[in-house]
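Here the structure is laid out as structure tokens; the discussion comes afterwards.
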Amino acid sequence: MQTINANGYSVYFNETIYNYLNETLLPEHYSKVFILADSSTSELCLPDFIANLATETPIEIIEFEAGEQFKNIETCYEIWSALTELGADRKSIILNLGGGVVTDLGGFVASTFKRGIEYINIPTTLLAMVDASIGGKNGVDLGNLKNQIGTITTPKAVLIDTHFLTTLPQNEMRSGLAEMLKHGLIQDKDYWDKFKSLSSLNTEDLDILIHQSVEIKNNVVLQDPTENGIRKALNFGHTLGHAIESYFLENDDKKSLLHGEAIAVGMILESYLSMEKNLLSKEEYQEIKYIISDIFEPVDFDKTDIEKITELLIHDKKNEFGKVQFALLDGIGKIKINQFVTNDLINSAFEDYKN
């Protein structure tokens, strides 16, 4: 697959990535290579990855516990300390090998250590391949609030090896599909239409869809690297989705949702909001609801859940002057940003979802 040129870096695919790495990680370029992985990636992906590296530059591996609950400043402190103890300097480089938690946290660690060292993202989950590793956004959660602390610092490169997807359970694959569906809904109706016959897709089809998804996100980011305008389109489904994800993460009596599972609910809810604001037809809304509901299990909400989730919206990063802002669909394949929505309409969206 063809290399994609992004905002000051490139995205490489499959057979090209190890050639790129071995040409890049030379002793004259870097004093030391650090591979950051969580406990899951360390077991499932790291051995194959290491076997394909052929560099004389010293390599150190730093591992942390897997899970969204460890995507916090405490974990960053431990990694900064490990980098210091292992002799990292400004000519070191970090390879972030893992899913969205690893690439988000690793990018933040790299962008702040000694005022910034280079890093490369090697995503191992579908979600990270099509979304988290692309665009230069990185950061950590503040308590249960998603991605409140971070920077926009682009990687040196993003390297996508779809072979790593064979290590994923089915629910993790579905989680990544949510972001791919979003890319079609906000930018490309023809791309969205390809997911109407999901069961007929093979491995080669998936590789092509991943490449196209990265192209869609990259095209948006290139227009607005610092999210002052059109990049907000990528937040479709995330305003409510992040609030749902945070709420389920902080409540011990709730089963935590994967990012894509929460975003799938958010996309249905925000499609309803789009319809109620006369931006989306009823037929389009029903199509979106049917296709997403066919892929993802329903999530139960009671009245208290909805109230608490709505309260969390005030912490959304897109808010301005205390007002919650949404990116809503303007028909399938188009988007309108900076849309205000009342709490009554949000409650109606939840009621429709439950029905």
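The values are calculated or read from the model by the stated rules, or taken from the named source; none is laboratory data. Predicted model only: the values in this text are computed from it and were never measured. Cβ sites come from the backbone with ideal geometry, for glycine too, and all protein chains shown count toward neighbours. For the accessible areas, the whole protein counts, side chains as well, though only heavy atoms, and no ligand, DNA or RNA atoms are used. Shrake-Rupley method; radii C 1.70, N 1.55, O 1.52, S 1.80 Å.
For this structure, a couple of remarks:
- Whenever a residue of the stretch 129-155 is at positive phi and polar (S, T, N, Q), its partners that are in a loop (DSSP other than H, G, I, E, B) and open to solvent by 10 Å² or more (accessible area, probe 1.4 Å), lying with C-beta atoms within less than 8 angstrom and at least six residues away or across chains, give the pairs Asn147/Lys317.
- Qualifying residue in the stretch 164-173 (condition: under 15 Å from the mean Cα position of the chain (by Cα) and of a type outside the set (S, T, N, Q)): yes
- Listed by first and then second residue, the pairs linking a residue in the stretch 279-292 that is closer than 14 Å to Leu198 by Cβ to a residue that is among the aliphatic types (A, V, I, L, M) and surrounded by fewer than 18 Cβ atoms within 10 Å (Cβ to Cβ), with Cβ atoms under 9 Å apart and 6 or more places separating them unless they lie on different chains, are Ile291/Leu198.
- Single condition Gly260 does not satisfy, out of (1) open to solvent by less than 40 Å² (accessible area, probe 1.4 Å); (2) over 17 Å from Asp131 (Cβ atoms); (3) not polar (S, T, N, Q): (2)
- Among residues of the stretch 272-291, those that are open to solvent by 20 Å² or more (accessible area, probe 1.4 Å), closer than 14 Å to Lys334 by Cα and polar (S, T, N, Q), counted: 2
- So Leu249, is it open to solvent by 50 Å² or more (accessible area, probe 1.4 Å), touching a Ser or Thr at 6+ places or on another chain (Cβ under 6 Å), part of a helix (DSSP H, G or I) and under 22 Å from Gln148 (Cβ atoms): yes
- Residue within the stretch 40-48 that is part of a helix (DSSP H, G or I), among the hydrophobic types (A, V, I, L, M, F, W, C) and open to solvent by 30 Å² or more (accessible area, probe 1.4 Å) present: yes
- Only one of the numbered conditions (1) part of a helix (DSSP H, G or I); (2) open to solvent by 20 Å² or more (accessible area, probe 1.4 Å); (3) aliphatic (A, V, I, L, M) is not met by Leu21, and that is (2).
- Residue check: Asp294 meets all listed conditions (1) at pLDDT 95 or above; (2) farther than 24 Å from Glu227 by Cβ but one, namely (1).
- Filter result (of a type in the set (A, V, I, L, M, F, W, C) and modelled with pLDDT of 95 or more) within the stretch 143-167: Ile149, Ile152, Ala157, Val158, Leu159, Ile160, Phe164, Leu165
- Residues that are assigned to a helix (DSSP H, G or I) and within 16 Å of Arg174 (Cα to Cα) within the stretch 252-271 comprise His259, Gly260, Glu261, Ala262, Ile263, Ala264, Val265, Gly266, Met267, Ile268, listed in sequence order.
- Just one of the listed residues (Lys71, Lys91, Lys114) is open to solvent by less than 20 Å² (accessible area, probe 1.4 Å), touching a residue at least 12 places away in the same chain (Cβ under 8 Å) and charged (D, E, K, R), and it is Lys71.
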